[in-house]
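Participant: Sending over a structure as structure tokens; questions will come in a sec.
Please treat every number below as a calculation from the coordinates, not as lab data. Since the model is a prediction, treat every value here as computed from it, not as a measurement. Cβ placement follows ideal geometry from the backbone for every residue including glycine, while neighbour counts extend to all protein chains displayed.
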Amino acid sequence: MSGLWRAPDGVRIFYEDQPGPAEALPVVCLPGLTRGARDFTALAAHLAGARRVIRPEMRGRGRSGRADPASYALPVEVGDILGLLASLGVARAVFVGTSRGGLQTMALAAANPALVAGAALNDIGPEIGAEGMARIVRGLSAAPDSYPDWAAAAEALRATYGAEFTDLTDAQWDGFARQLFTERDGRPARDFDPALVAATAAAVAAGAAAVKAAAEAGQPAPSLWPLFDALKPVPALAIRGANSALLTAETLAAMAARKPDLAVLTLPNRGHAPFLDEPQALAAIDALLARAA
């Protein structure tokens, strides 16, 4: 089933809610920056009948309402997730977060430790590769609003991501396009508020300015490591695309050193971010769920 939850500021938050046995912890899937519930279709199908799976779409993305661009910010999104889950009666769950969804997962663990029983971070960590982030902003800024047809959309993705996702078939590129885009007026169109691009670029610039100001003042730079540390008490999994520039191998190693029980999976022929339909990824998530309580 699907539904809409209204945030305190009136923005409608769309979600998919796949039923599962009450005795099993539900799984909450949080998508990347501009992405939506479709990114977790394969995972939801894999868990069908075994787990309740909740897949929200963040404000300004997918089928959720557009909002003041100033609210396209991590603290607001975390508040939306907390409110939605409370309305659905979810007091504890395992979270699967891709990219920005992984940042949200860490922030949720810091804000409400009792809520997070386990976490899978998909190609994201407490240090974000500068080139990877710059590549995302450049790609979003340059991409057109729509494409003439699905073949053109798939070919555009191949041209952009082919060096990172090196073994995809034509059918997989088409599937990738159908995850990212929605059909509008007969054309594949991007499925998020265009204002999100400027908001993201501004946030990246503000972060860089904060790091520079701290360095000039001889102070420690702002850090996301305390958010990652909030996951120390619970089972966690970190998945990395071997070709990713956003989560580097060095950051992944630092995460494992800081949390020795962290399960780690690096997927070959994948960049930012793995699709979570890969057999190795599904097996790793199954193992995480078996550990979480």
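Participant: Using a 10 angstrom cutoff on alpha carbons, build the Gaussian network for the chain and name the most mobile of Ala213, Ala114, Ala45.
Facilitator: So, out of Ala213, Ala114, Ala45, the one fluctuating most is Ala213.
Participant: Taking the Cα centroid of the stretch 66-85 and of the stretch 162-177, what is the distance between the two, rounded to the nearest whole Å?
Facilitator: 31 Å
Participant: A follow-up question, please. Relative contact order for the chain using alpha-carbon pairs under 8 Å, separation at least 6, rounded to a whole percent?
Facilitator: Working: 530 pairs, mean separation 59.0, N = 293.
Reported as a whole number, the value is 20 percent.
Participant: At 222 nm, what value in deg cm²/dmol follows for the chain if DSSP H runs of at least 4 each add -39500 (n - 2.57) and the sum is divided by all its residues, to the nearest 500?
Facilitator: Values: 10 runs with 119 residues, N = 293.
Helix-only estimate at 222 nm: -12500 deg cm²/dmol.
Participant: Which whole-number percent gives the relative contact order of the stretch 6-76, counting Cα pairs below 8 Å spaced six or more residues apart? Can you show the working numbers first?
Facilitator: Working: 116 pairs, mean separation 28.4, N = 71.
That works out to 40 percent.
Participant: Can you list residues from other chains, or at least 5 along the same chain, whose modelled amide H is less than 5 Å from the amide H of Gly20?
Facilitator: For Gly20, the qualifying residues are Arg52.
Participant: Taking Cα pairs under 8 Å and at least six residues apart, what relative contact order does the stretch 135-248 come out at, in percent? Write out the running numbers ahead of the final one.
Facilitator: Details: 62 pairs, mean separation 27.8, N = 114.
Averaging sequence separation for qualifying contacts and normalising by length gives 24 percent for the stretch 135-248.
Participant: Using a Gaussian network for the chain with springs between C-alpha atoms less than 10 Å apart, which of these wobbles most: Val94, Val53, Val211?
Facilitator: The residue with the greatest mean-square fluctuation here is Val211.
Participant: Short version: ³J(HN,Hα) in whole Hz for each residue of the stretch 7-23, in order, from phi by Karplus 6.51 cos²θ - 1.76 cosθ + 1.60 (θ = phi - 60°), x for Gly and Pro, what are they?
Facilitator: The phi angles translate into 6, x, 8, x, 6, 7, 10, 7, 8, 9, 9, 8, x, x, x, 5, 7 Hz.
Participant: Got a sec? How would Ser146, Ser244 order by Cβ neighbour count within 10 Å, fewest to most?
Facilitator: Working: Ser146 18, Ser244 24.
Going from least to most buried by this count: Ser146, Ser244.
Participant: Here is a follow-up. List the residues, sorted by chain then number, that are 5 or more residues from Val28 or on another chain and whose placed amide H is less than 5 Å from its amide H.
Facilitator: Amide H neighbours of Val28: Ile54, Val94, Phe95, Val96.
Participant: Further, regarding this structure: Where is the GNM fluctuation largest for the chain (alpha-carbon springs, 10 angstrom cutoff): Ala110, Ala209, Ala93?
Facilitator: In this elastic network of the chain, the residue with the biggest mean-square fluctuation among Ala110, Ala209, Ala93 is Ala209.
Participant: Residue-wise, which Karplus ³J(HN,Hα) couplings in Hz belong to the stretch 203-216, taking 6.51 cos²θ - 1.76 cosθ + 1.60, θ = phi - 60°, and x for glycine or proline?
Facilitator: 5, 5, 5, 5, x, 5, 5, 5, 5, 5, 5, 5, 5, 5
Participant: Once phi is turned into θ = phi - 60°, what whole-Hz ³J(HN,Hα) does the Karplus curve with 6.51, -1.76 and 1.60 give for every residue of the stretch 156-172, x standing for Gly and Pro?
Facilitator: Listing the rounded values in order: 5, 5, 4, 5, 7, 10, x, 6, 9, 9, 8, 10, 6, 7, 4, 5, 6 Hz.
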